[in-house]
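Presented below is the structure to which this report refers.
The values are calculated or read from the model by the stated rules, or taken from the named source; none is laboratory data. This one's a predicted model, so the numbers in the text were calculated from it and none came from an experiment. Neighbour counts run over all protein chains shown; Cβ positions are idealised from the backbone, glycine included.
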Protein chains: 2
Amino acid sequence: MAILVVGSVAFDTIETPHGKVENCLGGAATYFSLAASYFTNVRVIAVVGEDFSAENEAVLTKRGVDTQGLERANGKSFHWAGSYLENLNEAQTLNTELNVFETFSPKIPAAYEDSEYLFLANIDPVLQERVRSQMSRVRMVCGDTMNYWISGHREKLARVLKGLDALLINDKEARMLASNDNLLSAAREILTMGPKTLIVKHGEYGATAFFGDKSFSGGAEMVTLPFRAPAMPLAEVVDPTGAGDSFAGGFFGYLASQPELTPLVFKRAMFYGGVMGSFAVEKFGTERLQALDRKEIDQRFELFRGLSHIE
Amino acid sequence: MAILVVGSVAFDTIETPHGKVENCLGGAATYFSLAASYFTNVRVIAVVGEDFSAENEAVLTKRGVDTQGLERANGKSFHWAGSYLENLNEAQTLNTELNVFETFSPKIPAAYEDSEYLFLANIDPVLQERVRSQMSRVRMVCGDTMNYWISGHREKLARVLKGLDALLINDKEARMLASNDNLLSAAREILTMGPKTLIVKHGEYGATAFFGDKSFSGGAEMVTLPFRAPAMPLAEVVDPTGAGDSFAGGFFGYLASQPELTPLVFKRAMFYGGVMGSFAVEKFGTERLQALDRKEIDQRFELFRGLSHIE
């Protein structure tokens with residue numbers, strides 16, 4: 001089944017202990033689309049500027065991503081500059097230029113209207129809600145957000161949360177959203193805000209799914225107990241940018257590829273999320289995600305499975 | 001098989017967001033002994049002062065811990081005061097009074113000499129080495145240490161590391177010991193210093209075992225790939241003191257209880273470590289560890305297993 005993703009397609013300038021790259025292709029929707037493309041069809045809605053080349057677009061189309069919804073506007077593409085020199089686990093934002101994103105109003109191509117899976121990447125909750133409300137046939141909606149929207153735009157965000165089957169955020173964002181330092185208590189609090197399932201990403205330690213009463217993941221066994229997909233310790237983390245979006249792409253891409261959502265499918269999706277996140281950080285930008293094949297993805301899945309499985 | 005543990009038996013004054021307790025029974029050897037006592041026989045070597053009551057000792061003997069090696073000295077017992085008000089994941093030490101520990105020289109009772117398992121809890125590496133060198137029949141030695149010894153007493157610590165089957169430390173200590181921020185690289189470096197296996201404790205995220213060429217955990221499958229025992233998110237962490245020592249007690253206690261050390265036994269031991277650590281933090285001091293039974297331990301083991309197992 002096709003996934004529709006709305007979010008940023010951007011150019012990033014990134015500095016890590018492994019070096020520096022300038023204006024490489026990035027953005028949440030880009031990482032998400034590439035990661036999900038190994039599992040299912042992906043359709044993207046975003047805006048880019050005049051600096052976005054045919055070569056840039058080919059990165060997506062080569063992976064079969066449908067770019068009909070990639071709007072071109074006058075001006076420059078969204079640009080983000082960040083550094084991981086102080087802390088490899090958390091980017092320090094040096095500069096954010098919204099550029100064409102400042103006046104972005106997502107338009108949904110007619111060919112996208114039958115999308116059954118919707119991913120609302122981290123953008124203004126008003127835009128997330130606008131896309132959500134136009135997608136009448138959607139079966140499942142997952143979304144991301146960030147500290148900026150949590151701390152400064154609560155009411156706008158609250159409306160988005162009510163419509164989510166799953167919210168994917170990191171530890172810090174979960175604690176901030178619930179104003180509670182205990183992760184389990186924070187999760188329970190967030191599950192009262194709307195999302196049927198909450199997935200908290202722990203960076204190098206994997207991710208945990210918490211299930212609400214109406215959790216879309218089915219199976220009584222999963223309603224009360226959380227599920228953790230651990231991540232394999234990596235020899236080299238070259239560039240952490242996009243790890244969370246790649247997790248989302250692997251997770252949601254796998255879900256959308258399956259005929260039925262069972263607890264087993266959900267658990268496997270969590271592991272595929274971790275796997276795609278782990279590939280993303282091995283090279284700068286989206287380089288590693290551009291040239292994978294399903295066989296090496298499944299091999300890493302087995303490694304991740306072996307990491308914590310007793311039998 | 002009996003485990004001999006040498007380490008601190010102490011009184012702690014602890015402040016957490018859940019309250020404050022003064023002079024409660026604590027110390028690494030106490031937490032370790034209680035946790036291990038649910039799996040195997042435990043013998044303890046430590047020193048206490050005149051303030052150590054029969055009631056305090058009964059906490060250990062009620063759990064079947066052999067206290068022949070608990071030396072009584074003139075003066076006060078070791079006292080530690082710490083606060084978790086700033087950060088529940090890391091104690092802020094407010095005060096350390098070594099007291100009778102200042103002149104402690106461990107003596108091994110004759111009845112302890114046939115111990116086949118030895119745990120060197122976090123004390124002066126000179127004392128760890130002294131005990132280690134006197135235990136000729138020992139089959140397996142695990143040890144702990146802390147930042148104080150890593151940063152200020154490298155050479156003394158290096159001698160201990162060479163004799164360890166497994167070193168159990170936390171993330172921060174591992175990165176400090178190897179001078180490397182990447183956990184896998186740090187682990188590889190530490191495995192060249194002597195320990196055949198390194199277990200890194202991640203607090204709320206569980207623990208990971210890394211295996212060297214001569215790893216005592218057997219099985220080719222475990223020589224190169226790490227193994228992670230994840231920890232279940234807890235609704236309430238009342239007092240994190242002793243979680244790491246309780247992990248060690250559950251881990252080593254289970255290992256010592258098994259007739260043979262197979263990869264499966266090792267993996268299960270890692271999970272039991274996480275389980276005992278999770279119990280320890282539910283109440284102040286050692287209270288929770290004093291009154292468990294094997295049934296609830298095994299029930300939690302199954303919960304932890306379910307947390308990350310796909311099938």
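Just one residue in the set B:Ala178, B:Ala186, B:Ala158 is more than 27 Å from B:Tyr254 (Cβ to Cβ), hydrophobic (A, V, I, L, M, F, W, C) and over 20 Å from the mean Cα position of the chain (by Cα); that residue is B:Ala178.
Conditions tested, residue by residue: (1) among the charged types (D, E, K, R); (2) over 12 Å from B:Val6 (Cα atoms); (3) crowded, with 18+ Cβ neighbours inside 10 Å; (4) within 19 Å of the chain's Cα centre (by Cα).
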{"position": "B:Val100", "(1), (2), (3), (4)": "no, yes, yes, no"}
{"position": "B:Tyr117", "(1), (2), (3), (4)": "no, no, yes, yes"}
{"position": "B:Glu129", "(1), (2), (3), (4)": "yes, no, yes, yes"}
{"position": "B:Ile150", "(1), (2), (3), (4)": "no, yes, yes, yes"}
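Can you name the residue in the stretch A:207-242 that is modelled with pLDDT of 95 or more and more than 14 Å from every other protein chain (Cβ to nearest Cβ) and, of all such residues, is nearest to the chain's Cα centre (by Cα)? Checked the stretch A:207-242; the qualifying residue nearest to the chain's Cα centre (by Cα) is A:Gly242. The set of residues in the stretch A:248-260 that are away from chain B (no Cβ under 13 Å) and surrounded by 18 or more Cβ atoms within 10 Å (Cβ to Cβ) comprises A:Ala248, A:Gly249, A:Gly250, A:Phe251, A:Phe252, A:Gly253, A:Leu255, A:Ala256, A:Ser257. Do we have A:Pro263 as within 12 Å of chain B (Cβ to nearest Cβ) and under 25 Å from A:Ala174 (Cβ atoms) here? Yes; evaluated as a whole, the condition is true for this residue. When we screen A:Asp245, A:Asp298 for residues that are more than 12 Å from chain B (Cβ to nearest Cβ), charged (D, E, K, R) and surrounded by fewer than 18 Cβ atoms within 10 Å (Cβ to Cβ), the only hit is A:Asp298. Taken over the stretch A:266-278, the criterion of being more than 11 Å from every other protein chain (Cβ to nearest Cβ) and without any contact (Cβ under 8 Å) to a residue 40 or more places away in the chain is satisfied by A:Val275 alone. The criterion of at least 2 residues that are without any contact (Cβ under 8 Å) to a residue 24 or more places away in the chain is met by the following helices (runs of 4 or more DSSP H) wholly inside the stretch A:107-183: A:147-152, A:154-161, A:171-178. Could you list all residues from the stretch A:176-190 that are under 16 Å from A:Pro226 (Cβ atoms), at pLDDT 95 or above and more than 9 Å from chain B (Cβ to nearest Cβ)? Matches in the stretch A:176-190: A:Ala178, A:Ala186, A:Glu189, A:Ile190. Residues in the stretch A:242-296 that are over 26 Å from A:Gly19 (Cα atoms) and of a type in the set (Val, Ile, Thr): A:Thr262, A:Val265.
Quick check on my filter: what residues within the stretch B:189-206 are aromatic (Phe, Trp, Tyr) and more than 19 Å from the chain's Cα centre (by Cα)?
Answer for the stretch B:189-206, where residues must be aromatic (Phe, Trp, Tyr) and more than 19 Å from the chain's Cα centre (by Cα): there is none.
Considering the stretch B:163-216, the residues that are acidic (Asp, Glu) and under 24 Å from B:Val126 (Cβ atoms) include one that is surrounded by the fewest Cβ atoms within 10 Å (Cβ to Cβ), namely B:Glu189.
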